[in-house]
C-alpha cells in the first residue's frame, strides 16, 4: 500500500515569539547602558587610576573638558592645540560663558591627562588656564577596582 | 445570501521586515557598547597668584616635594623639606593621618592646605597617587577625607 505524504508548510513555520522577546530585551539592555556622556572623552588617553576616584553625585557646573595627551596635545571638544596655543580656545569658552552672564571663574576645568604625561605639563596647562581667568580645576582619574 | 464565517481563520502578521530592523538596531547597540571604568575628580581651586582659597590658618601647612628620575619615575617624597618617605605613599598617608587626626574639618575651607611641588618629568600617575594619599583613605565603600585643599607650586623647568 502506498502512503501519500502530505507536506504542511504552515506547520513547518517556527514560532518567532520567544526569539523576538529575547531580541527586544537585548535592545533595551544596550539602549539603557549606552553612555552619551562619554562623547567628550578622548579614548586615546589612559587616565591614571585612584582608589578615591568616585563619580560625583552632582555633575560639575559649566564644565570644560581638556584632554591632555602624552605628546602634549590638548583636545578641547573637536579642537586640537598645544598648551602654548590654548589661550584663544579658552577665551572662546569664556566668551560663551559671558553670554550666559557668567565668567571664567564659574567654570570647572576638568583635566583628563594621560597617566604617562609629565606632571609639569599638567602644571603648565593649569597655569595657562589661570591666565585666562579660570580658577576651579578637577583632575580626573579612573576608579581603581580592587578585584 | 449565505455569508461564510471566517472567524476560525488565523490572521498572520508579516514579521520579516520588523525582525530585520530589530536585528540592525541590536547590531548597532552591540557595536557601540563599551565597558568603561567609572571616573572621578579631585577638585583643586587655584586662582592666579593665590592659594586654594582663604589663607591656611592652621598650623599644618604642608609642602610636599615629589622628586623624580629622568625617566619620570618617583624616587623620593619629601614633606616640609625634612621628612623623606622614599616612594612609599602608605607612609605619606600615615603621616597625613597623624597630622590631621584622621579626618577633614566639616568645612573644607578650614582645613590645612598642601602645596605640591614636583619635578617636571614626574609621571602624572604618581601625582594622582600622591593626591590620593593626602586627600583620603578608603574604608570599604566609605571614603574618609583627610585634606581637601590642594594647590600646585609653579612648574619647574624640564630636566
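Please compute the average number of Cβ atoms from other chains found within 10 Å of each residue's Cβ in peptide A:44-51.
Counting other chains' Cβ atoms within 10 Å and averaging over A:44-51 gives 5.
Per-residue Cβ neighbour counts within 10 Å put A:122, B:79, B:30 in the sequence B:30, B:79, A:122, beginning with the fewest.
Find the relative contact order for the stretch B:63-152 and round it to a whole percent, using C-alpha pairs within less than 8 Å whose residues are 6+ positions apart.
Relative CO of the stretch B:63-152 lands at 34 percent.
Taking every DSSP bridge with both residues inside the stretch A:40-143, close to 30 percent are antiparallel.
Can you classify the stretch A:40-143 as rounded, prolate or oblate using the Cα gyration tensor, where a ≥ b ≥ c are the square roots of its eigenvalues, rounded means a/c under 1.5, and otherwise it's prolate if a/b beats b/c and oblate if not?
Taking the square roots of the gyration eigenvalues as a ≥ b ≥ c, the stretch A:40-143 is oblate.
Using a simple spin-label model with pseudo-atoms 7 Å out from Cα toward Cβ, residue A:44 and residue B:73 lie 2.8 nm apart. Put simply, when A:66-76, B:63-73 are sorted by average Cβ atoms within 10 angstrom per residue, most first, you get A:66-76, B:63-73.
Between the beta carbons of residue B:80 and residue A:29, assuming R0 = 51 Å, the FRET efficiency works out to 0.45 to the nearest 0.05.
Once both labels are positioned 7 Å from their Cα atoms along Cα-to-Cβ, the gap between residue B:21 and residue B:144 label points is 5.8 nm. Using a basic spin-label model with each label point 7 Å from the Cα along Cα→Cβ, how many nm lie between residue B:37 and residue A:18? Label at residue B:37, label at residue A:18, 4.1 nm between them. Averaged over the residues of peptide A:52-59, the number of Cβ atoms from other protein chains lying within 10 Å of each residue's Cβ is 5.
Laboratory data are not the source of any read-out in this text; all were calculated from the coordinates shown. Treat the numbers as computed from the prediction; the structure is a model and nothing was measured. Don't worry about glycine lacking a Cβ; one is built from the backbone with ideal geometry, like all the others, and counts go over all protein chains shown.
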